[in-house]
1. Which pairs have Cβ atoms under 9 Å, sit 6 or more apart or on different chains, and link a residue in segment 70-97 that is of a type in the set (V, I, T) to one that is part of a helix (DSSP H, G or I)?
2. Just to be sure I understand, how many residues within segment 28-51 are of a type in the set (S, T, N, Q) and under 25 Å from the mean Cα position of the chain (by Cα)?
3. Determine the pairs where a residue that is at negative phi, located within segment 26-44, has a partner that is among the basic types (K, R) and assigned to a strand (DSSP E or B) with Cβ atoms under 6 Å apart, the partner being 6 or more residues away or on another chain.
4. Can you pull out the residues in segment 71-105 that are loosely packed, with under 12 Cβ neighbours inside 10 Å, of a type outside the set (A, V, I, L, M, F, W, C), assigned to a helix (DSSP H, G or I) and under 19 Å from the mean Cα position of the chain (by Cα)?
Amino acid sequence: MSRTYRRRGQCHEYRWVLREWYWSEGTLVPRAIDPRSKKGRRAIARFHSDAERTMRSGPPHWYRRVFDHRLRTLNLRAFRRWLNDPDFEPVLQARHRHNAKWTWW
């Protein structure tokens, strides 16, 4: 599915994209960026690129790898315990492709 199809009909609010933060007398103060300036166009382009992290994006690869490794280890331990003791009732955790995403945010 193309990005254009996925993002059709979306309204983008650039208030937080066109804002840069700087220190003034020990406090963080936002400063608005003009959307038509070079810096503003660059910020909007980065927002629309796949490099931008938003709440809708998934967790980073390193987190998914660690999360899936823990789940596999848990399931293998339960399986091996069942092989050694047939009376043991193993409870295996089913892997879902969104599990890591739900725990990330």
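1. V91/A78
2. Final tally of qualifying residues: 1.
3. Cβ pairs passing all conditions: P30/R19.
4. T103
For every residue, the table says whether it meets (1) surrounded by 12 or more Cβ atoms within 10 Å (Cβ to Cβ); (2) at pLDDT 90 or above; (3) hydroxyl-bearing (S, T, Y).
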| site | (1), (2), (3) |
| --- | --- |
| W16 | no, no, no |
| S37 | no, yes, yes |
| H48 | yes, no, no |
| E52 | yes, no, no |
| P59 | yes, no, no |
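The values are calculated or read from the model by the stated rules, or taken from the named source; none is laboratory data. These numbers were taken from a predicted model, which means no experiment stands behind them. Neighbour counts are summed over all protein chains in view; Cβ atoms, including those assigned to glycine, are modelled from backbone coordinates with ideal geometry.
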